[in-house]
1. P(r) for segment 56-143: what percent of alpha-carbon pairs falls in each 10 Å bin, starting at zero?
2. From the C-alpha gyration tensor of segment 117-265, pull out the three semi-axes of the equivalent ellipsoid (sqrt of 5λ each), sorted largest to smallest, in whole Å.
3. As a test, work out the antiparallel percent of DSSP beta bridges whose residues both lie in the chain, rounded to the nearest 5.
4. Quick check on the chain: take the gyration tensor over C-alpha atoms, sort the square-rooted eigenvalues as a ≥ b ≥ c, and tell me if it's rounded (a/c under 1.5), prolate or oblate.
5. Each residue of segment 42-47 in order: what ³J(HN,Hα) in whole Hz does its phi give by Karplus 6.51 cos²θ - 1.76 cosθ + 1.60, θ = phi - 60°, with x for Gly and Pro?
6. Using a Gaussian network model on the chain with a 10 Å cutoff between Cα atoms, which of Asp196, Asp12, Asp74 fluctuates the most?
7. Can you pull out the trypsin sites (Lys or Arg not before Pro) in segment 108-203 whose DSSP state is coil and whose Cβ has at most 11 other Cβ atoms within 10 Å?
8. Kindly flag which residue pairs out of Lys147/Lys167; Lys46/Lys224; Lys116/Lys147; Lys81/Lys116; Lys46/Lys81; Lys183/Lys213 have an alpha-carbon separation exceeding 21 Å in this structure.
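Quick note: the coordinates plus some simple rules give every number you see, no bench work behind them. Predicted model only: the values in this text are computed from it and were never measured. Glycine also receives a Cβ, built like all others from the backbone with ideal geometry; neighbour counts cover every protein chain displayed.
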Amino acid sequence: MNFYDAHNHLQDDRFAGRQSELFAACEKAGVSRMVVNGACESDWPKVLQLAQTNKIVLPSFGYHPWYLAERTPDWLKNLEKFLDEIPSAVGEIGLDRWKPDLPYAGQEAVFLAQLKIAADRDRPASIHCLQAWGRLHDLLRENPRPKRGVILHSFGGPVEMIPALAKLGAYFSFPGYFLLERKLRQRETFQHVPPDRLLVETDAPDQHLPEEKILRPLPGADGKPLNHPANLPAVYSGLAEFLGENEASFAARVEENFLRVFSGI
């Protein structure tokens, strides 16, 4: 089986320069491609370097709503420069009304500027959304968006919105964190995702799997555990089991979906 990670942050400093070791483990585990998402200008060069030196990396560049205060005056030009440098996606972008003390003012303008770039270039956009699902739907409906679709990273929205979002070209990405027993509602939501719109992710180094499903433990430099990207096969098997599907056929379907939305990158 081939495994495809629709969203991670392998450039994260918490990996402390161990990326070569992580890539080797991922290839051994059968991970064929991984989308490595930049979240701000300071980490876009790290994502580019990983992509230039590792064929497994599918780079993605964007401004995450948590880091908007760090933008330089030329952030939009810089984003386009990185997108010109190498075949890539747009993201991680998004809207967040959940994070304490994070201003919402200005988030929509930055999101729409990046969504327009994705639409103009027809690049898939990886979207973070917390407690803003209705507004996200409206913005996607009312503005240009990439023909090939957008990826709703770690989709935790209401099940009732799945048909409307799918109609707008959304793919729904499942993280291993949702395999935790207490995340039953989120798992059940994925029972309603159209089969041709399902993706799987690790969000490494974050969103840990349940301890009993972890294939590769990874302690951080501070002793706190990190989510190893080679845990991806466990996310596949956990979700396939929950959905009552054969793991091989499930993996083949996710592969088809991944290759469709990220074709040519």
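1. Going from the shortest bin to the longest, the percentages are 17, 52, 28, 3.
2. For segment 117-265, the ellipsoid semi-axes come out as 26, 17, 16 Å.
3. 10
4. rounded
5. 5, 9, 4, x, 5, 5
6. Result: Asp74 has the largest fluctuation of those listed.
7. Lys147
8. Too far apart for the 21 Å limit: Lys46/Lys224.
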